[in-house]
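Enquirer: Please see the structure below; I have some questions.
The values are calculated or read from the model by the stated rules, or taken from the named source; none is laboratory data. Just so it is clear, the structure is predicted and the values come from calculations on it, not from any experiment. Counting neighbours? That spans all protein chains shown, and the Cβs are built from the backbone with ideal geometry, glycine included.
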Amino acid sequence: MAKNLVIVESPAKAKTIEGFLGKDYTVKSSLGHVMDLDSKKLSVDVENDFEPQYEISPDKKKLVSELKKMAKAAETVWLASDEDREGEAISWHLYNALKLNEEKSKRIVFHEITKNAILHAIENPRSIDKNLVSAQQARRVLDRLVGYELSPLLWRKVKPSLSAGRVQSVAVRLIVEREEEIKNFKTTSAFRTLAEFRLSEGKNTTRFTAEYAERFKTFEEAKSFVENQAGAAFEIASVEKKPGKKSPAPPFTTSTLQQEASRKLGFSVANTMRVAQRLYESGRITYMRTDSVNLSGQAIGAAKAEIESLYGNEYVKIRKFTTKSKGAQEAHEAIRPTYLNQSSISGSREEERLYQLIWKRTIASQMSDAVLEKTNVKIKSSEAAKMFVANGEIIKFDGFLKVYRESLEDTNEEKQETSLLPPLAKGNPLTLMEMKSVETFTKHLPRYTEASLVRKMEELGIGRPSTYAPTISTIQRREYVVKESRPGEKREIRNIILKDGQVKEKITHENTGNEKAKLFPTDIGTLVNRFLLQHFDDIIDFNFTSSVEKEFDEIAEGKKEWNNIIKEFYGPFHEKVQDTLKNSGKFSGEKLLGKDPKSGKNIYVKIGRYGAIAQIGDTDSEEKPRFAGLQKGQSLETITLEEALKLFEFPRSLGAYEGEEVTVAIGRFGPYVKHNKLFFSIKKEYNPASLSLEEAIQIIEAKRKAEREKLIRSYEADPDVQVLNGRWGPYLVIKKQNYKIPKDRDAASLTLEDCYAIAKDPKNMPKKRYVKKKK
DNA sequence: CAGTGAGCGAGCTTCCGCTTGACTT
């Protein structure tokens with residue numbers, strides 16, 4: 001057994017470090033936290049100074065006992081978890097879980113995974129920083145108290161299984177409020193007038209575009225302006241040249257990597273992290289969960305050498321970037337290639353593309369500025385009060401743009417038009433080729449994508465690199481928000497065109513409101529947000545996290561006691577929870593839509609136990625109300641009385657088939673046809689509202705046919721065994737238990753013995769995915 | 001997810017932040 005045991009957080013890191021240290025060192029990883037609060041209980045003693053009740057995490061029991069054994073045999077245990085709040089707590093928990101003591105254990109930290117940095121760290125050990133551990137404890141306890149008191153309140157007042165928390169509830173709030181802004185946005189239009197010119201004299205026939213400095217509010221104004229330009233004379237009034245420059249973006253952090261991979265490669269946030277993880281594990285890139293833009297000295301040196309050899313010395317510019325995002329803890333480097341001399345790697349297509357993006361961004365960050373020349377030209381018309389303006393931009397030196405250009409963020413701002421300008425001088429007469437006044441509409445703020453939501457959260461200091469992707473998944477899994485693409489609508493655009501001395505009007509079309517993979521709030525998300533805003537606006541305040549972070553910092557500095565901070569928060573918070581529990585009724589978002597014209601009963605929509613429902617009749621009337629679930633795509637916000645009434649037309653009888661009644665209805669899994677106690681789901685091609693008996697029979701017969709073809713083999717000797725054809729190909733059933741059939745076996749020729757053998761092999765057991773919700 | 005879908009109603013659900021797992025049916 002080695003004399004020294006070093007414990008880091010990640011296995012990939014452990015492997016690298018073991019290579020640096022001699023045979024006297026064994027390097028192991030803790031795989032993150034090893035202790036946590038029991039998830040089944042509150043596990044915080046609110047009566048007793050908020051003492052947290054930690055336990056060894058169930059999935060870490062084996063690992064901890066293994067580490068304990070190794071620690072016992074070792075002379076010294078080096079606790080080398082990351083140098084931040086969470087890392088310090090991990091070391092402290094290891095210290096306790098492994099039953100270490102002061103003499104036997106040492107705390108070390110390093111910022112670079114190089115031999116020198118590790119050796120230096122080992123020469124300069126320290127002890128565990130208890131204040132930093134207390135700060136982590138405060139963070140942990142606060143999140144538990146908020147999450148585990150608010151969530152059950154939601155179960156009681158809104159709907160079971162919901163959740164709320166310091167981070168996720170703010171993420172949902174951002175999406176809900178953006179949607180409200182969009183709903184309240186009033187589109188207006190104005191007429192932009194663009195003119196295409198060329199020089200009247202000389203050989204250069206390059207055309208260029210200029211925009212008139214005023215926008216017209218009405219079609220009439222625009223039209224009379226354009227008409228007046230028909231006989232006008234144009235000349236260059238001024239030419240102004242200004243130098244400009246562009247600088248490269250800093251190297252990637254988790255958040256910026258997620259944004260760029262989304263914009264440039266179309267990756268979801270979760271996918272980016274999955275691919276980056278693989279690159280990290282295969283030693284291609286540095287750690288992918290980081291908020292640091294810092295590059296190690298070694299990396300900068302390698303980047304410099306690479307740029308020099310690829311593009312030349314004039315393209316090198318060494319830069320030190322500093323992190324400006326709130327609450328950054330900087331335990332790691334920026335995300336960069338491990339070996340900068342590899343501009344590409346071989347792997348899966350996704351790995352190759354993501355790697356290349358990281359390589360380019362890192363290299364570009366150490367390259368020269370791009371040098372630009374911006375030209376602003378003003379053009380005078382003899383018949384107009386204001387000027388036409390043209391903007392040009394030429395790149396005099398490309399610098400970092402040779403390698404990488406950051407994608408533009410999706411905003412509602414119009415991009416300024418620039419065009420390539422011919423050489424122009426003051427006084428040059430111009431010939432008007434064409435003039436167009438085009439109706440343009442104002443745009444609402446864009447909806448969030450996964451990646452732009454992460455950007456916003458980082459800006460607000462909410463969440464951490466390790467939680468961005470999981471948080472985005474959580475709010476979708478809870479059905480607070482949905483990621484969707486929606487087609488836009490066609491919109492008419494009025495154009496006024498002046499060409500060859502004639503003014504014409506023309507209608508063109510544009511597609512507007514088209515959304516791709518954007519986040520939309522659901523009814524539940526909107527309702528929960530409204531509830532939290534009404535009762536706990538302080539918790540979902542955008543500044544809540546940053547203000548508690550300040551307090552955590554003071555705990556870390558030893559200026560405050562962690563349990564006092566929690567006490568100050570918990571008192572009023574808990575009281576509000578109790579008060580809401582007692583004095584506030586069900587929060588269902590109930591809305592009266594109108595009256596049923598037939599019965600005169602009220603029609604409501606609201607959120608029920610399983611989601612959005614419509615209700616006909618009043619709860620307190622003698623006759624019980626009837627309920628019907630809303631269809632996919634319908635929402636409390638937008639459903640009309642007519643649509644709600646239609647929901648009550650189910651179940652509907654279509655007539656008889658084979659002497660049995662055929663009905664159509666809508667269930668938990670969508671519309672279905674019922675016949676002779678059997679269910680047949682209705683595919684999207686059919687409309688359940690207008691389904692005819694003929695169509696229903698088609699559906700029934702199609703399913704029967706599939707059923708008939710389902711049986712591949714059965715065996716007389718054992719009727720419990722069947723080989724069936726399912727949605728994913730052939731499978732085996734023995735006594736209602738399903739088994740996979742290995743790919744190299746021919747399903748149709750399996751003997752009964754083969755079937756038993758297949759069933760015995762545990763590899764063929766169906767995977768029980770973590771199906772938490774059974775029903 | 002290898003068949004589901006309605007009435008009863010007990011028991012369950014939940015946070016954030018560290019890390020990878022064992023697979024893709």
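Enquirer: Residues A:Ser407, A:Ser381: which one is surrounded by fewer than 21 Cβ atoms within 10 Å (Cβ to Cβ), among the hydroxyl-bearing types (Ser, Thr, Tyr) and either out of contact with any strand residue (DSSP E or B) (no Cβ under 8 Å at 6 or more places or on another chain) or in contact (Cβ under 8 Å) with a residue 24 or more places away in the chain (or both)?
Expert: After applying the criteria, what remains is A:Ser407.
Enquirer: Filter the stretch A:276-292 down to the residues that are in contact (Cβ under 8 Å) with a residue 24 or more places away in the chain and either more than 13 Å from DNA strand B (Cβ to nearest atom) or closer than 21 Å to A:Met457 by Cβ (or both) and list them by number.
Expert: Of all residues in the stretch A:276-292, those in contact (Cβ under 8 Å) with a residue 24 or more places away in the chain come to A:276, A:278-292.
Once the filter is applied, which keeps residues that are in contact (Cβ under 8 Å) with a residue 24 or more places away in the chain and either more than 13 Å from DNA strand B (Cβ to nearest atom) or closer than 21 Å to A:Met457 by Cβ (or both), the stretch A:276-292 yields A:Ala276, A:Arg284, A:Tyr287, A:Met288, A:Arg289, A:Thr290, A:Asp291, A:Ser292.
Enquirer: Let me ask something else about it. A:Ile493 fails exactly one of the following numbered conditions: (1) under 23 Å from A:Val158 (Cβ atoms); (2) in contact with a His (Cβ under 8 Å, 6 or more places away or on another chain). What is the number of that condition?
Expert: (1)
Enquirer: For the stretch A:628-640, give me each residue that is at pLDDT 85 or above and either among the hydroxyl-bearing types (Ser, Thr, Tyr) or more than 23 Å from A:Glu180 (Cβ to Cβ) (or both).
Expert: A:Ser635, A:Thr638, A:Thr640
Enquirer: Among what's in the stretch A:475-519 and is loosely packed, with under 14 Cβ neighbours inside 10 Å, within 30 Å of A:Gln168 (Cβ to Cβ) and among the polar types (S, T, N, Q), pick the residue that is nearest to DNA strand B (Cβ to nearest atom).
Expert: Among those that are loosely packed, with under 14 Cβ neighbours inside 10 Å, within 30 Å of A:Gln168 (Cβ to Cβ) and among the polar types (S, T, N, Q), it is A:Ser485.
Enquirer: Whether any residue in the stretch A:67-82 is surrounded by fewer than 16 Cβ atoms within 10 Å (Cβ to Cβ) and within 15 Å of DNA strand B (Cβ to nearest atom) is what I want to check. Working first, answer last.
Expert: Of the stretch A:67-82, the ones surrounded by fewer than 16 Cβ atoms within 10 Å (Cβ to Cβ) are A:68-69, A:72-73, A:75.
Subsequent filtering for residues that are within 15 Å of DNA strand B (Cβ to nearest atom) retains none.
Checked against the condition, which is being surrounded by fewer than 16 Cβ atoms within 10 Å (Cβ to Cβ) and within 15 Å of DNA strand B (Cβ to nearest atom), the stretch A:67-82 yields no hits at all.
Enquirer: Right, something else. Residues of the stretch A:46-66 being more than 15 Å from DNA strand B (Cβ to nearest atom) and in contact with a strand residue (DSSP E or B) (Cβ under 7 Å, 6 or more places away or on another chain), which ones?
Expert: Correct list: A:Glu51 only.
Enquirer: In this structure, does A:Ser65 turn out to be more than 14 Å from A:His33 (Cα to Cα), at pLDDT 95 or above and in a helix (DSSP H, G or I)?
Expert: Yes.
Enquirer: To continue, here is another question. Can you say whether A:Pro465 is in contact with an Asp or Glu (Cβ under 6 Å, 6 or more places away or on another chain) and within 30 Å of A:Arg166 (Cα to Cα), as far as the supplied structure shows?
Expert: yes
Enquirer: Okay, next question. Taking A:Ala97 and the conditions (1) within 14 Å of DNA strand B (Cβ to nearest atom); (2) under 35 Å from the mean Cα position of the chain (by Cα); (3) aliphatic (A, V, I, L, M), which numbered condition does it fall short on, given that it satisfies the others?
Expert: Answer for A:Ala97: the failing condition is (2).
Enquirer: Return yes when A:Arg166 is surrounded by fewer than 20 Cβ atoms within 10 Å (Cβ to Cβ) and either over 30 Å from A:Glu459 (Cα atoms) or charged (D, E, K, R) (or both) and no when it is not.
Expert: No: the conditions fail for A:Arg166.
Enquirer: So A:Ala89 passes all but one of these: (1) within 16 Å of DNA strand B (Cβ to nearest atom); (2) in a strand (DSSP E or B). Which condition number does it fail?
Expert: Failed condition: (2).
Enquirer: For the stretch A:545-590, how many residues are loosely packed, with under 13 Cβ neighbours inside 10 Å and within 27 Å of A:Gly611 (Cα to Cα)?
Expert: To start, the set of residues in the stretch A:545-590 that are loosely packed, with under 13 Cβ neighbours inside 10 Å comprises A:547, A:550, A:557, A:559, A:568, A:571-572, A:575, A:578-579, A:582-583, A:585-586.
Now narrow it down to the ones that are within 27 Å of A:Gly611 (Cα to Cα): A:578-579, A:582-583, A:585-586.
Looking only at that region, the number is 6.
Enquirer: Can you name every residue in the stretch A:643-690 that is assigned to a loop (DSSP other than H, G, I, E, B), touching a residue at least 24 places away in the same chain (Cβ under 8 Å) and either of a type in the set (Val, Ile, Thr) or within 12 Å of DNA strand B (Cβ to nearest atom) (or both)?
Expert: A:Phe650, A:Arg668
Enquirer: Can I ask one more? Quick test for you: out of A:Ile613, A:Ile603, A:Ile566, pick the one residue that is within 14 Å of DNA strand B (Cβ to nearest atom), under 27 Å from A:Leu162 (Cβ atoms) and not in a helix (DSSP H, G or I).
Expert: Residue meeting the stated conditions: A:Ile613.
Enquirer: What is the number of the single condition among (1) at pLDDT below 95; (2) out of contact with any strand residue (DSSP E or B) (no Cβ under 7 Å at 6 or more places or on another chain) that A:Thr467 does not meet?
Expert: Looking at each condition in turn, A:Thr467 falls short on (1).
Enquirer: What are the residue pairs meeting all of these: first residue in the stretch A:147-175, first residue over 16 Å from A:Asn543 (Cβ atoms) and hydrophobic (A, V, I, L, M, F, W, C), second residue near DNA strand B (Cβ under 6 Å from one of its atoms) and part of a helix (DSSP H, G or I), Cβ atoms under 7 Å, and 6 or more apart or on different chains?
Expert: Close Cβ pairs satisfying both conditions: A:Leu162/A:Ser151; A:Leu162/A:Trp155; A:Ala164/A:Gly147; A:Ala164/A:Ser151.
Enquirer: Specify the residue that is surrounded by the fewest Cβ atoms within 10 Å (Cβ to Cβ); the eligible residues are those in the stretch A:691-701 that are touching a strand residue (DSSP E or B) at 6+ places or on another chain (Cβ under 8 Å) and in a helix (DSSP H, G or I).
Expert: A:Leu693
Enquirer: Criterion first (surrounded by 14 or more Cβ atoms within 10 Å (Cβ to Cβ) and within 16 Å of DNA strand B (Cβ to nearest atom)) does A:Ala451 satisfy it? Step through it out loud before you land on a result.
Expert: Numbers: surrounded by 14 or more Cβ atoms within 10 Å (Cβ to Cβ): yes; within 16 Å of DNA strand B (Cβ to nearest atom): no.
The answer is no for A:Ala451.
Enquirer: Go through the stretch A:6-42 residue by residue and tally those that are more than 8 Å from DNA strand B (Cβ to nearest atom), free of Cβ contacts under 8 Å to residues at least 60 places away in the same chain and assigned to a strand (DSSP E or B).
Expert: Count: 4.
Enquirer: Taking the condition of being closer than 22 Å to A:Glu492 by Cβ and either over 47 Å from the mean Cα position of the chain (by Cα) or surrounded by 15 or more Cβ atoms within 10 Å (Cβ to Cβ) (or both), how many residues in the stretch A:219-237 meet it?
Expert: 8
Enquirer: May I ask you to verify whether A:Lys13 is of a type in the set (D, E, K, R) and surrounded by fewer than 17 Cβ atoms within 10 Å (Cβ to Cβ)? Don't jump to the end; show me each part of the working.
Expert: Details: of a type in the set (D, E, K, R): yes; surrounded by fewer than 17 Cβ atoms within 10 Å (Cβ to Cβ): no.
No: the conditions fail for A:Lys13.
Enquirer: Here are A:Ile524, A:Ile472: which of them is within 14 Å of DNA strand B (Cβ to nearest atom), at pLDDT below 95 and on the phi < 0 side of the Ramachandran plot? Explain how you work it out, then say what you get.
Expert: On the way: A:Ile472 fails: at pLDDT below 95.
Testing whether each residue is within 14 Å of DNA strand B (Cβ to nearest atom), at pLDDT below 95 and on the phi < 0 side of the Ramachandran plot leaves just A:Ile524.
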